[in-house]
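See structure below.
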2 protein chains.
Amino acid sequence: MVSQVVAEEKPQLLSKKAGCNSHGQDSSYFLGWQEYEKNPFDPVSNPSGIIQMGLAENQLSFDLLEEWLEKNPHALGLRREGGGASVFRELALFQDYHGLPAFKNALARFMSEQRGYKVVFDPSNIVLTAGATSANEALMFCLADHGDAFLIPTPYYPGFDRDLKWRTGAEIVPVHCASANGFRVTRAALDDAYRRAQKRRLRVKGVLITNPSNPLGTSSPRADLEAIVDFVAAKGIHLISDEIYAGTAFAEPGFVSALEVVAGRDGGGADVSDRVHVVYSLSKDLGLPGFRVGAIYSANAAVVSAATKMSSFGLVSSQTQYLLAALLGDRDFTRSYVAENKRRIKERHDQLVDGLREIGIGCLPSNAGLFCWVDMSHLMRSRSFAGEMELWKKVVFEVGLNISPGSSCHCREPGWFRVCFANMSAKTLDVAMQRLRSFVDSATGGGDNAALRRAAAPVRSVSCPLAIKWALRLTPSIADRKAER
Amino acid sequence: MVSQVVAEEKPQLLSKKAGCNSHGQDSSYFLGWQEYEKNPFDPVSNPSGIIQMGLAENQLSFDLLEEWLEKNPHALGLRREGGGASVFRELALFQDYHGLPAFKNALARFMSEQRGYKVVFDPSNIVLTAGATSANEALMFCLADHGDAFLIPTPYYPGFDRDLKWRTGAEIVPVHCASANGFRVTRAALDDAYRRAQKRRLRVKGVLITNPSNPLGTSSPRADLEAIVDFVAAKGIHLISDEIYAGTAFAEPGFVSALEVVAGRDGGGADVSDRVHVVYSLSKDLGLPGFRVGAIYSANAAVVSAATKMSSFGLVSSQTQYLLAALLGDRDFTRSYVAENKRRIKERHDQLVDGLREIGIGCLPSNAGLFCWVDMSHLMRSRSFAGEMELWKKVVFEVGLNISPGSSCHCREPGWFRVCFANMSAKTLDVAMQRLRSFVDSATGGGDNAALRRAAAPVRSVSCPLAIKWALRLTPSIADRKAER
């Protein structure tokens, strides 16, 4: 019988990709979301639910966007400014790979503004994509063949294993960074990663960084960027700089784009300019992940050409392009939005950092992003990844906070967690801090956290073994509902 | 010097994909667009420009959509029905892979309606994608590994070489169809293609059809679908049925979905139900290619799961999902829209077919699509693909009509052209017919086309050698601005 043969053959019937695990979504990063979704916190209807601190959403400045929309109804209504004619037909048909010129011009200017006009973006070098997820994958398809490798500093965004490797067949070789120097990228670490790649007989095609870093919440210091650019220049490879958090840099030393460093190189600057590619998105800086707007910026004509063709697999809705062309085209608005948004991010960041310090938990000093990189190693029963997972489960199930363990970000040192702060109200963040305080109190056997507070030094605090009992287990299934980063 | 080494290495620095030609966009299909864009027809400002008949856009029913939008301002305004609260914040953050439930429900119902409720679509089996381009590629990633093959009946949509092969590494093996039986797919042709694939040591993973067919403009007869389903059942392979023109079937025998055939199979029906996957889109039936809305429908849980994860590379803007949830959720509207849209397509189709018949040009009898498959072989100087290209250039440059030559669709018989009719006004179509009449008149040396008119039989007309002089040459560069099909 055909049917029986088919039934037996089934597992081979799909591609290897469809069945394999390199999408990386079984990690605790995604599992935490699953738990959150089963029991989401709500101050009124579910005050004992899990608070989502694993989601790098920016919910702080929607009122500013809404106010603008109220004043500019033509943008949503798909009409010309001042209540003019409908552009619905035009937009319904508009599927040019190159994007709506008005939107690309406005986006280029916005990206220049985010970088204080130290870099000026040329709209013709922009390729629009349905989010940064798509941008990163398209760049990987352009730059790496199956089995080629990119070096990525750790800790890195857990989704990269899916975005960069899954369909492209490219490999990621971690550049190991450590708390000793605040997880900064060094030439020695890059050289070490390069050597490890060579040992694995992988051809290294480039380095990929997130700047500002996800999950660290720090912008790359200029000196570090210079070292990275020198490295890619010396090796004759590419640099992808994922700068989707560019507009979140709320404090000194501020954000420096990789392109700024390339432009400022003496003499040899031109040599790498067509090998440095920037990824951008409006998901974080504007808080619009649902609208799926990402971009690749490259001065390499061959990359722009290939990526433009690839963008047919993930174009941005023309309806959304039209709205955002109007929004980003309003310079007065973008200027005040960016400033106010940063101010609010800083305020929320400070609330988290201060709250953690009060209960003896330290963070990596940070100046950007929608999260902090939090050191809870002193709360682990053992200084190991098993200890980290044990603590993480406790925090999710007992404390009721979904945070992301460092191991899911390929961090080599156990005990670090990414904790998001911009996807909730200040009140909810207070509840989270209260819960964590109770947890620390009970774990340390009393209300006196003076020692812990003293230990909450700028970079790393003292370890403090705990006796924690486990009653609950995680179901090892996939909780992937989001394209979130 | 590093810079010199780099300059020399440049060609190897990108991936093979970035440099290779398997995106297929250097074909005459795309080159015709380039010429059109240089000199586009406009009845007032450029009446001698090229008329675009290479673009399968549906511009016939925008007034119906606009009328609906006028009555339902909440849909564009991102408010709850009846001028209620704004859902902007909710949508700005909404990036769930699984799509807005309201939109998926409405889409599932609309798809069921398109198929006369003979198939009922389950929203949980739908994966949303940024257009059908993305849907087809994602399915290929799910079903085929590098070097695996899909069999596709010819003539087929030129973009498939890009969509299905370029990034996935999958191969297309043509199933040769011929004018002798109206280009219908036969078991013998399928078997022949399968054997050729085996000779090339390719593993055949499935068959992909477009139904209604692009470029033929015909819906698959039930018997043909049954033969195809029997074939995939016997071989233990997949069937992808691209049904993006489902709603254009304006005449008998009407549209039959592959899923209807699968559901109706005796006994063994269950054996193939998880190997038949449908691709859909709102680009053609609703005329909204700019909004980038596509979908995969599959009863195979593993495919739905993998494709859902892959959809993160091309999600649909939540703003657009919201609008379309409201539009497609209005049953009275969709019912009257679909009927009126079909009526208009038929009217325009008839105008083209009648006009061509008048000047002695025959078409494959068709009942769907936004184009006809037109036989101009009698106007070629030689019955060869060189003759086809010669004629095509004449039509583009001298007659001023951008049509798509059959060779770009991998048709094996020279002399066929895809001619689109729904992306222009009736008046412009008249101008196109007048131009073609003058061309045929001058080519046949007089105004008497009686013989040609008689020859314009239903399927294939008589060949008529012509003396055509060439003064112009095409620039062989890429004219890819569209994700169009």
Legend entry - Within segment B:156-179, tally of residues that are open to solvent by less than 10 Å² (accessible area, probe 1.4 Å), away from every other protein chain (no Cβ under 14 Å) and touching a Leu at 6+ places or on another chain (Cβ under 7 Å): 2
Legend entry - All positions within segment A:270-282 that are open to solvent by less than 10 Å² (accessible area, probe 1.4 Å) and over 14 Å from A:M111 (Cβ atoms): A:V272, A:R275, A:V276
Legend entry - helices (runs of 4 or more DSSP H) lying entirely in segment B:1-119 (those with 2 or more residues that are modelled with pLDDT under 90 and more than 10 Å from chain A (Cβ to nearest Cβ)): B:28-38
Legend entry - Residues of segment B:326-339 that turn out to be in contact with a Leu (Cβ under 6 Å, 6 or more places away or on another chain) and surrounded by fewer than 20 Cβ atoms within 10 Å (Cβ to Cβ), as a count: 0
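Residues checked against (1) under 30 Å from A:V173 (Cβ atoms); (2) in the same structural domain as A:N46 (by the TED database); (3) open to solvent by less than 10 Å² (accessible area, probe 1.4 Å):
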residue: A:D354; (1), (2), (3): no, yes, no
residue: A:P365; (1), (2), (3): yes, yes, no
residue: A:G369; (1), (2), (3): yes, yes, yes
residue: A:F397; (1), (2), (3): no, yes, no
residue: A:G415; (1), (2), (3): yes, yes, yes
residue: A:A426; (1), (2), (3): no, yes, no
residue: A:R437; (1), (2), (3): no, yes, no
Inset, instruction - Provide a single number: the residues in segment B:40-61 that are under 23 Å from A:A92 (Cα atoms), surrounded by fewer than 15 Cβ atoms within 10 Å (Cβ to Cβ) and either touching a helix residue (DSSP H, G or I) at 6+ places or on another chain (Cβ under 6 Å) or touching a residue at least 24 places away in the same chain (Cβ under 8 Å) (or both). - result: 1
Legend entry - Check on B:A144, surrounded by 21 or more Cβ atoms within 10 Å (Cβ to Cβ) and more than 21 Å from the chain's Cα centre (by Cα): yes
Inset, instruction - Report whether or not B:V303 is within 24 Å of the chain's Cα centre (by Cα), within 11 Å of chain A (Cβ to nearest Cβ), within 30 Å of B:A234 (Cα to Cα) and buried (at least 24 other Cβ atoms within 10 Å of the Cβ). - result: yes
Inset, instruction - Would you check which residues across segment B:239-285 are touching a Ser or Thr at 6+ places or on another chain (Cβ under 8 Å) and either over 16 Å from B:S213 (Cβ atoms) or without any contact (Cβ under 8 Å) to a residue 12 or more places away in the chain (or both) and list them? - result: B:L259, B:V262, B:A263, B:G268, B:A270, B:D271, B:D274, B:V276, B:H277
Legend entry - Whichever residue in segment A:217-269 is open to solvent by 10 Å² or more (accessible area, probe 1.4 Å), part of a helix (DSSP H, G or I) and in contact with a Phe, Trp or Tyr (Cβ under 8 Å, 6 or more places away or on another chain) and, among such residues, is farthest from the other protein chains (Cβ to nearest Cβ): A:L259
Inset, instruction - Evaluate the following for A:D163: is it closer than 25 Å to A:V207 by Cβ and among the acidic types (D, E)? - result: yes
Legend entry - Any chance A:Y297 is assigned to a strand (DSSP E or B), touching a residue at least 24 places away in the same chain (Cβ under 8 Å) and open to solvent by less than 10 Å² (accessible area, probe 1.4 Å): no
Legend entry - Selection from segment A:371-395 of residues that are touching a residue at least 40 places away in the same chain (Cβ under 8 Å) and either assigned by the TED database to the domain that holds A:S213 or small (G, A, S) (or both): A:S377, A:S382
Legend entry - Hey, A:F150 aromatic (F, W, Y) and either open to solvent by 10 Å² or more (accessible area, probe 1.4 Å) or in contact with a strand residue (DSSP E or B) (Cβ under 6 Å, 6 or more places away or on another chain) (or both) or not: yes
Legend entry - Hits in segment A:140-163 - residues which are assigned to a helix (DSSP H, G or I) and either touching a helix residue (DSSP H, G or I) at 6+ places or on another chain (Cβ under 7 Å) or farther than 23 Å from A:S220 by Cα (or both): A:M140, A:F141, A:C142, A:L143, A:R162, A:D163
Inset, instruction - Could you pull out the residue among B:G247, B:G182, B:G264 that is touching a Lys or Arg at 6+ places or on another chain (Cβ under 8 Å) and not acidic (D, E)? - result: B:G247
Legend entry - Filtered residue count, segment A:194-216, keeping only those that are touching a strand residue (DSSP E or B) at 6+ places or on another chain (Cβ under 8 Å), open to solvent by 30 Å² or more (accessible area, probe 1.4 Å) and not in a loop (DSSP other than H, G, I, E, B): 3
Inset, instruction - Please tell me if A:M380 is in contact with a Lys or Arg (Cβ under 8 Å, 6 or more places away or on another chain) and either open to solvent by less than 20 Å² (accessible area, probe 1.4 Å) or within 14 Å of chain B (Cβ to nearest Cβ) (or both). - result: no
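The values are calculated or read from the model by the stated rules, or taken from the named source; none is laboratory data. All of these numbers come straight from a predicted model, not from anything done at the bench. Counting neighbours? That spans all protein chains shown, and the Cβs are built from the backbone with ideal geometry, glycine included. Heavy atoms of the whole protein, side chains included, go into the accessibility calculation; ligands, DNA and RNA do not. Shrake-Rupley method; radii C 1.70, N 1.55, O 1.52, S 1.80 Å.
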